[in-house]
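For reference, the structure is listed below as structure tokens.
Taken together, the values in this text are just the output of simple stated rules run on the coordinates, not laboratory data. A quick note: this is a predicted structure, and the numbers were derived from the prediction, not measured. Positions of Cβ are generated from backbone atoms using ideal geometry, with glycine treated the same way; all protein chains shown enter the neighbour counts.
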Amino acid sequence: MSRIDRRFAALKAAQRTGLIPFITAGDPAPEHTVALMHALVEAGADVIELGVPFSDPMADGPVIQHASERAIAKGVGLADVLAWVTAFRQRDQDTPIVLMGYLNPLEIHGYARFADEAVAAGVDGVLVVDCPLEETQVLSALRAAGLQQILLAAPTTAPARMAQLCEAARGFLYYVSFAGITGAGRLSTPDIAARVAQIRAQAKAPVAVGFGVKDAQSAKAIAGFADAVVIGSALVERLESAGSAQEIATRAGEFLRPIRAALDER
Amino acid sequence: MPTIQNFQNWPDAHGRFGDFGGQYVAETLMAPLAELTEAYLRLREDPEFLAELDRDLTHYVGRPSPIYHAERLSRHVGGARILLKREDLNHTGAHKINNTIGQALVAKRMGKPRVIAETGAGQHGVASATVAARFGLKCVVYMGAVDIERQKINVYRMKLLGAEVIPVTSGSKTLKDALNEAMRDWVTNVADTFYIIGTVAGPHPYPMMVRDFNAIVGREARAQMLEQYGRLPDVLTACVGGGSNAIGLFHAFLNDREVRMVGAEAAGEGIASGHHAASLAAGRPGVLHGNRTYVLCDDNGQITETHSVSAGLDYPGVGPEHAFLKDAGRAEYVGVTDDEALEAFHLLARTEGILAALESSHAVAQALKLARELPKDGIVLCNLSGRGDKDVHTIAAREGVQV
């Protein structure tokens, strides 16, 4: 059983909703990324989505694009991200880590080489935004090495395709709660609830809901019908320009704890 | 790569040209792309649609464009005959309108009242704004802030045509960033919006659709060659940024194996300088903007900033069909520097009375090189993809002239 599967099984047994924060690796400060990851766990994170910076993040909004640009400007690359996961694992063997990013950095690094290094570092899954189901053969080396490929589903996904995604889903299925970019507004809870209910009935993996979740209130609204909630842009925005390790950890804690509490209320 | 029997029946059903192309996009775009693919595959066989397109190409764009024997230029070089396919004579002054007319008609048939476009030099933006006005569609154009500064005249032209121009300030503030931003708009507004991509890049079906609409260039040229010269040219040349005018010229000739094809990429200040946009000549296979192709990137996979004197070639990727033709050995891709392009620009202006676009001047420079290598009875057919009025200020500034 993979670390991700174990974590979701434990959540289910405890009847808790998972909390999955997203941060861009290397932002706001490369030297404090590992400390930030631990701070996320201390504030209640169940899984960490660690963004691999890319110069042309087509599916992300301005907040995450700018975080990527800042990290790239500081020289952050895939090797740094893997080194931080290795360092994180020295203290934390249990929290699953999903790398989220785009294909080109993996392609250039080499898929087989990346797969070996990621597994050795302690990465559990990859969410490659620009690699839909039809193109997943390029990631076969990753799956063979034991990395779970997290798939996305969207409100625009047609029923037949949704069935395929539900069948292929491993780790968890990430439901993008509306057809837009990361960090945008607009969230019609009853619509999402209805769609997610359908998906959960079909999917072979738990369903996490993200895109547009920004605080305790919006997270709680989703908690009633999702296995987990993903929070990205709002957290990245909160961390922006925090300087010291202390300040970064404090801001992450202050942001996540109310959300954790709201998820655990029901 | 296995031997290719027929170069004209690509891409496959998945939108792949061998190892290149495909649909490397976020899940949110898969449904809109499927909707577009289905609509386009139907329309490309629809006689009514094709007749409507043909009428507009004839009466609105002004097709066919001539092939012109540049005699004085050829004599100056002292080699083979140089023929120019005069896409600069089209309405709006470039080949870009062949594609925008086609896509606007698709948008209309799909019932989308709003079109969006990305633009580098502004040519595709102008061509999109033009057809939006022509068909009564609302038009929004995304343009990098740096390009807006370089191409003020085209920005104003778009506004005169009723389009809204939105500056893009992320990343390198050029074409690739405008493309990212347009893609985001499309994801968000897909219900009423059609995205007119300006080159043979992006996810399937765009590389195929944009090629189909530009392929009229090569079909006409091939027929004109046979009619006027009784033979095919020895070599074709065209500039390659994203590669739409080049694939437009090449496509009809792909199975004429005796016809050589050379794409001229922007070598900027020289490939060795690192300041260039020659994705095929100096890049490597990667994934950018929804397709697998040759890209310019660093060892971390970050797309690098490109340089060319011509904004329209300033792009770190290239259409996947060109990547395919390169690896199959069917076409060659070489770099032409800023200086060589400018020299060709001046030479063409003085010998033939034609101001070529800086993009097209790269093709002209390559045509001069190819003509020198061939005997006098040889023929080089060069795609003169656009006119140079838009570049007059850039050239003056570069040469220290106050206009």
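Excluding same-chain neighbours fewer than eight residues apart, the lysines reachable from B:LYS138 by a Cα-Cα span under 16 Å are B:LYS108, B:LYS112, B:LYS159.
For n ≥ 4 DSSP H runs only, could you compute -39500 (n - 2.57) per run for chain B, divide by its residues and tell me the 222 nm figure to the nearest 500? My calculation for chain B gives -12500 deg cm²/dmol from helical runs alone. Neighbouring Cβ atoms from other chains, within 10 Å of the Cβ of residues in B:68-77, number 0 on average. For B:ILE166, nonlocal amide neighbours, meaning residues 5 or more places apart or on other chains whose placed amide H falls under 5 Å from its own, are B:VAL141, B:TYR142, B:MET143. Ignoring aspartates and glutamates fewer than eight residues from B:LYS390 along the same chain, the ones with Cα atoms less than 17 angstrom from its Cα are B:GLU87, B:ASP88, B:ASP147, B:GLU149, B:ASP314, B:ASP338, B:GLU359, B:GLU399. Residues whose amide H falls under 5 Å from that of B:LEU288, counting only those 5 or more places apart or on a different chain, are B:THR293, with hydrogens built in the peptide plane. Among B:LYS85, B:LYS390, B:LYS138, which one shows the biggest mean-square fluctuation in a GNM of chain B, springs joining Cα atoms closer than 10 Å? So, out of B:LYS85, B:LYS390, B:LYS138, the one fluctuating most is B:LYS138. Max-minus-min Cα coordinates of the protein assembly as shown on each principal axis give 83, 51, 51 Å, with the largest extent listed first. For the pair B:TYR229 and A:ALA144, a Förster radius of 45 Å applied to the C-beta separation gives a FRET efficiency near 0.20, rounded to the nearest 0.05.
So if I take the centroid of the Cα atoms in region B:323-392 and the same for region A:108-124, what is the distance between those two points in Å? Using only Cα atoms, the two centres lie 44 Å from each other.
Within the protein assembly as shown, DSSP assigns beta bridges of which about 20% are antiparallel (rounded to the nearest 5). Note on chain B: Cα-Cα pairs beyond 29 Å make up 37% of the total pair count. Here the label points at A:ASP116 and B:THR351, each 7 Å from Cα along the C-beta direction, are separated by 5.6 nm in the simple model.
Here the Karplus relation 6.51 cos²θ - 1.76 cosθ + 1.60, evaluated at θ = phi - 60°, turns the backbone of region B:13-22 into coupling constants of 4, 8, x, 9, 9, x, 7, 10, x, x Hz, with x for every Gly and Pro.
Listed by chain and number, the lysines whose alpha-carbon sits under 26 Å from that of A:LYS74, ignoring those within fewer than 8 places in the same chain, are B:LYS173, B:LYS176.
Can you give the local net charge around A:ILE48? Use residues other than it whose beta-carbon is closer than 10 angstrom to its beta-carbon, Lys and Arg +1, Asp and Glu -1. Neighbour charge sum, excluding A:ILE48 itself: -4.
The gain in end-to-end length when the B:ASP377 to B:GLU343 segment is fully stretched comes to 9.8 nm, 0.36 nm per residue minus the alpha carbon separation.
Along region A:17-34 the Karplus relation, 6.51 cos²θ - 1.76 cosθ + 1.60 evaluated at θ = phi - 60°, assigns HN-Hα couplings of 8, x, 10, 10, x, 10, 10, 8, 4, x, 10, x, 9, x, 6, 10, 4, 5 Hz to successive residues, with x for each Gly and Pro. Listed values for region B:302-310 are Karplus-derived 3J(HN,Hα) couplings in whole Hz (6.51 cos²θ - 1.76 cosθ + 1.60, θ = phi - 60°), namely 7, 5, 8, 6, 10, 9, 7, 5, 9, and x replaces Gly and Pro. Taking amide hydrogens as placed 1.01 Å from N in the peptide plane, the amide H of A:LEU19 sits under 5 Å from those of A:ASP46, A:VAL47, A:VAL229, each at least 5 positions away in sequence or on another chain. Of all the options A:ARG70, A:ARG91, A:ARG143, the one that moves most in a Gaussian network model of chain A with Cα springs shorter than 10 angstrom is A:ARG91.
Could you calculate the FRET efficiency of A:ARG91 with A:ALA163 from 1/(1 + (r/R0)^6), where r is the beta carbon distance between them and R0 is 45 Å, rounded to 0.05?
0.65
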